[in-house]
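Notes for the one structure printed next.
The values are calculated or read from the model by the stated rules, or taken from the named source; none is laboratory data. What you see is a predicted model; the values in this text were computed from it and never measured. Quick reminder, even Gly has a Cβ in these numbers, built from the backbone with ideal geometry, and neighbours come from all protein chains shown. Side chains are part of the model used for accessible areas, which takes the heavy atoms of the whole protein and leaves out ligands, DNA and RNA. Shrake-Rupley method; radii C 1.70, N 1.55, O 1.52, S 1.80 Å.
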There are 2 protein chains.
Amino acid sequence: MNPITELLVCNTCRPPGAARDGVAAGQQLFEAVQALAAADPGAPRVRAVACLSACGRSCSAALQAPGKYSYVFGDLQADAASAADLLAAAARHQALEDGQIPWRERPESLRRGTLARLPPPA
Amino acid sequence: MNPITELLVCNTCRPPGAARDGVAAGQQLFEAVQALAAADPGAPRVRAVACLSACGRSCSAALQAPGKYSYVFGDLQADAASAADLLAAAARHQALEDGQIPWRERPESLRRGTLARLPPPA
C-alpha cells in the first residue's frame, strides 16, 4: 500500500525582519494551503506544525510519508502560488513509490528552496 | 520497542568554495564518524548518503528513526570533534522516546547548525 503523504506547514514561521506580532506568515501560508486543499478531494493530508527549526529560511514546509524520502522547503512566500506549488509537490510525492521527486519535476520555487532531503530509514 | 537511530552523513558534501577534486569533506566526516563509532559497541547505526540536498550548508548530517523526530544539521567541520558531537546527539536521540532533543542538550555545534526538524509522521 502506498502510504499517505503528509504536507507539513510551519505555522509559526515569521521571515527574518518580519513583525513579531499579528498573524504569522506561516499561519497565512497554512491557511492558503488549507483553502486550496479543501477544494480538492484528492489533496494530501495537511498538518500545521509549530516550528520546523528552519526559521532562518522561513516560510517553511515539508513532505513526508513512512518509507519514503522526506523533503524540507524554505524561502516560501505566504501566498496562493506557494500553496499551489506545495500541493503539486505533495501530489507528486504521493504518487511516487519512494517519494523521491526529480529536480525537474519540482515546482520552480521548491527547487531553489529545497533545504534538505532525507532517505527513508534503512 | 525503541527503534534504532540512524546517523546519516552526506559523503558527497563539499563546502562552498572547496575544491571539486580530491576526497570530499563529507567523506572525511563520514570516515571520522565511522572511526569513532567502531570504538564504541553501543554506537548508533551510521550510514553514508550521497547528498542530503543541504549543499549550501555542507558538511551535513541527519538523525532519524521510525516514529521519532528527524533532524538535519549543517555547517559541520570534517573533523573528529564534529564526529563526536554527531554521535553524542545520535545517542541522545536513541535514548529519547520521541527523539526530540531539547536545545540545551544538543552539542553547541549542532545548535547553530540545525537546518530542520521534522515531527514523526502522523
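Somewhere in region B:101-108, is a residue surrounded by 15 or more Cβ atoms within 10 Å (Cβ to Cβ), more than 12 Å from chain A (Cβ to nearest Cβ), without any contact (Cβ under 8 Å) to a residue 12 or more places away in the chain and part of a helix (DSSP H, G or I)?
No, every residue in region B:101-108 fails to be surrounded by 15 or more Cβ atoms within 10 Å (Cβ to Cβ), more than 12 Å from chain A (Cβ to nearest Cβ), without any contact (Cβ under 8 Å) to a residue 12 or more places away in the chain and part of a helix (DSSP H, G or I).
Take the conditions within 24 Å of A:Gly113 (Cβ to Cβ), in contact with a helix residue (DSSP H, G or I) (Cβ under 6 Å, 6 or more places away or on another chain) and not in a loop (DSSP other than H, G, I, E, B) and apply them to B:Val46. Does it pass?
Against the criterion (within 24 Å of A:Gly113 (Cβ to Cβ), in contact with a helix residue (DSSP H, G or I) (Cβ under 6 Å, 6 or more places away or on another chain) and not in a loop (DSSP other than H, G, I, E, B)), B:Val46 does not qualify.
So in region B:25-53, with the set limited to residues that are within 11 Å of chain A (Cβ to nearest Cβ) and among the β-branched types (Val, Ile, Thr), which one is most open to solvent (accessible area, probe 1.4 Å)?
Step by step, filter region B:25-53, then rank; the result is B:Val46.
Please indicate, with yes or no, whether at least one residue in region A:85-97 is more than 14 Å from chain B (Cβ to nearest Cβ), farther than 24 Å from A:Ala35 by Cβ, in a loop (DSSP other than H, G, I, E, B) and open to solvent by 60 Å² or more (accessible area, probe 1.4 Å).
The answer is yes; a qualifying residue exists.
Which condition does B:Ser53 not pass, out of (1) among the polar types (S, T, N, Q); (2) part of a helix (DSSP H, G or I); (3) touching a strand residue (DSSP E or B) at 6+ places or on another chain (Cβ under 6 Å), if it passes all the others?
(2)
For B:Pro121, only one of the following conditions fails: (1) modelled with pLDDT of 95 or more; (2) over 13 Å from the mean Cα position of the chain (by Cα). What is its number?
(1)
Output the residues belonging to region B:56-71 that are more than 8 Å from every other protein chain (Cβ to nearest Cβ), part of a loop (DSSP other than H, G, I, E, B) and open to solvent by less than 20 Å² (accessible area, probe 1.4 Å).
Within region B:56-71, B:Ser58, B:Cys59, B:Lys68 meet the criteria.
Exactly one of (1) of a type outside the set (D, E, K, R); (2) surrounded by fewer than 18 Cβ atoms within 10 Å (Cβ to Cβ); (3) facing another protein chain (nearest Cβ under 10 Å) is unmet by B:Gly74. Its number?
So the condition that B:Gly74 fails would be (2).
Inside region A:13-24, can you point out the residues that are open to solvent by less than 70 Å² (accessible area, probe 1.4 Å) and touching a Ser or Thr at 6+ places or on another chain (Cβ under 9 Å)?
A:Cys13, A:Arg14, A:Pro15, A:Ala18, A:Ala24, listed by residue number.
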